[in-house]
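These notes concern the structure reproduced below.
Every number here is computed from the coordinates shown, using simple stated rules; none is lab data. Source: prediction; values computed, not measured. Don't worry about glycine lacking a Cβ; one is built from the backbone with ideal geometry, like all the others, and counts go over all protein chains shown.
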Amino acid sequence: MTGRREPHRPRPGEVLPGQELTLTREDLRRYAEASGDHNPIHLDDAVAREFGLADGVIAHGMLVMGRLAAYVQWALEGSDPTAFRVRFRSPVRPGVPLVLSGRVVSADGDRVVVEVAAAPKAGGGPAVTGEWTGSWGAVARER
Amino acid sequence: MTAGEFRWDPQCLGQRSHPIVHQVTAPLAAAFRAAVDPGAVGSPCPPTLPVRFQTLDVPGLTLPTAGVIHASQEFRFPAGRPLQQNEQVRVVGWLESVRQRGRLAIVVVVNHITASSGAAAGVDGADDLLLVETRTTVMVTLPDEGGTQ
């Protein structure tokens, strides 16, 4: 990610620039500490396998959702959500490159709706899909 | 490791949990931001920070330790802003619905995170400002007998 950019007011149908993301085991450990979610399926290969995850640990779905939020805020500098929802469709493993993407569904005044996805770079269906509804009113209060 | 047992009580649908008060401390927010927004492009309190405070420990619901899949997550921000550093919030949760599809139970838990008014902390005050509504859907794999109500 790069530094601050000028606020971008998108148009309906616009495809936001994609962003690559490869989560590491250290990312999972850091998220576990920060979120309080210490479920061992995210941290311990042996336990993950015990619960049927043959390839070992998987990322916290909420870590991917959090990265998607940061992605939208990067692509739409200055937008904070009024609503953000995702579906977790398949597990994300550390070390597997993902592409984060977004497409503007609607944009009206200060309100924007963006479809988002996190999909394996190698292809296949998205692991996480969702919808961000944002505005530009909230961010300035705290920055 | 035991998987535990899935239990839910239909009579507890909508019954609110005892409120829990949290402080959105700067170190907590900073650690969370470093984990989900390492480029620090978004707000100091990331939009998904409320997950740090939400609870699935709600009346009438017992989730097993295995066989639970986080299916979807939703945040709504009725106040039009994310959480803010150094504010005190109060969290209540409740079981919204349980549906069964074959050997899967689809469980929805809602949390309300409100700005806590200090003196009323710990009391489920109806006049506090709703900052965030979270809706968490998990899928639970049921044993052959279909789980316990």
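The table below gives the values:
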quantity: Packing rank of A:63-73, A:98-108, where each peptide gets the mean count of other beta carbons within 10 Å, highest leading; calculated: A:63-73, A:98-108
quantity: Extreme residue, positive dipole direction of chain A, given options A:118, A:63, A:34 (C-beta unit charges); calculated: A:118
quantity: Gain upon complete extension [residue A:38, residue A:25; 0.36 nm per residue less C-alpha separation]; calculated: 3.4 nm
quantity: Radius, Kirkwood style, for the protein assembly as shown when every pair of distinct Cα atoms is counted (Å); calculated: 19.7 Å
quantity: Cleavage-rule hits (trypsin sites (Lys or Arg not before Pro)) in segment B:1-73: DSSP loop, at most 13 neighbouring Cβ within 10 angstrom; calculated: none
quantity: Residue-averaged beta-carbon neighbours from other chains (10 angstrom radius) around A:82-92; calculated: 5
quantity: Segment residue B:12-residue B:40, length gained on full extension (0.36 nm per residue, minus Cα span); calculated: 6.0 nm
quantity: Quotient of C-alpha Rg and 2.2 N^0.38 Å, computed over chain A; calculated: 1.11
